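What follows draws every value from the coordinates through simple rules; no lab data is involved. Owing to the predicted nature of the structure, the values given are computational and were not obtained by experimental measurement. Reconstructed Cβ throughout: ideal geometry from the backbone, glycine too, with neighbour counts over all protein chains shown.
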Amino acid sequence: MTKAERTRQFIIEQSAPLFNTKGVAGTAMSDIMEATKMAKGGLYGHFESKEALSCAVVDYCLTSLSEKITAAMNKEKTAKGKLFAYLDFLSNPENPPLQGGCPMINFGMEADDTNAVINEKVRKGMEWSVKRVTNVIIEGIGTGEFHASWNAREFAIKLFTMMEGAIMIARVMGNNHNIGTIIKMLKAEIEAQVV
């Protein structure tokens, strides 16, 4: 990595918690300058605009989240274990895996009507999540761990949307009371599919 690439990465990493917490509109260049200890000219030397930086930050946040989810799931040997690991990984929105919370919720809600580029990035992140869960279920069906009749994609969509909704509710209400109920229900449904 060149010095310019390292500086660019540093700016992204220092800006990510700001954008993921305050949003794109709520993050000012002065916030980024304070976080990076860089002058405005130095920032613009690496990113032509706040918009360009925000797109790089969204990519970084979504990639970080997917890497952390994958690492948690890969610690498990069974398909059921991987699905449980996915749920457990997201079980504490008061202490989220990324500072500021779930970037899909944060950036998705802000960008749905205001930024088509970021909205598309979030859409792809959501599709990745559903596909990841779908593939684990298909793998479990293939190894005889789950019933062959289980509709993998349908359950993956259900799991993803219930978890994202539960995360949003937990963040708004300031507690994890409801997410435990959702996880218990989803785990029971997974258990019911074990052969």
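Here are a few things to note about the model shown:
- Loop GluC sites (Glu not before Pro), region 1-91, which have at most 11 other Cβ atoms in a 10 Å radius of their Cβ (DSSP): 48
- Taking region 118-160 and a reference point 7 angstrom along Cα→Cβ of residue 78, the backbone N atoms nearer than 16 Å belong to 136-148.
- With at most 12 neighbouring Cβ atoms within 10 Å, loop trypsin sites (Lys or Arg not before Pro) (DSSP) excluded, longest segment of the chain: 78-195
- Helical contribution to [θ] at 222 nm, DSSP H n ≥ 4, -39,500 (n - 2.57), averaged over the chain, rounded to 500: -24500 deg cm²/dmol
- For residue 121, the lysines whose Cα falls under 26 Å of its own Cα, not counting residues fewer than eight places away in the same chain, are 22, 50, 68, 82, 131, 158.
- Farthest toward the positive end of the dipole of the chain, out of 133, 185, 24, is the Cα of 133, where the dipole comes from beta carbon charges about the Cα centre.
- Region 5-69-region 157-195 distance, computed between alpha-carbon centres (Å): 31
- Full-stretch length increase - residue 184, residue 49 - with 0.36 nm per residue and alpha-carbon distance subtracted: 44.1 nm
- Under the criterion of Cα pairs below 8 Å and six or more residues apart, the relative contact order for region 58-192 equals 27 percent.
- Residue order, fewest to most surrounding Cβ atoms within 10 angstrom, among 160, 10, 89: 10, 89, 160
- Using the Cβ-Cβ distance between residue 25 and residue 195 with R0 set to 35 Å, the FRET efficiency works out to roughly 0.10.
- Cα convex hull volume per residue for region 58-192 (Å³): 96
- C-alpha long axis of helix 177-192 to longest principal axis of the chain, angle in °: 40
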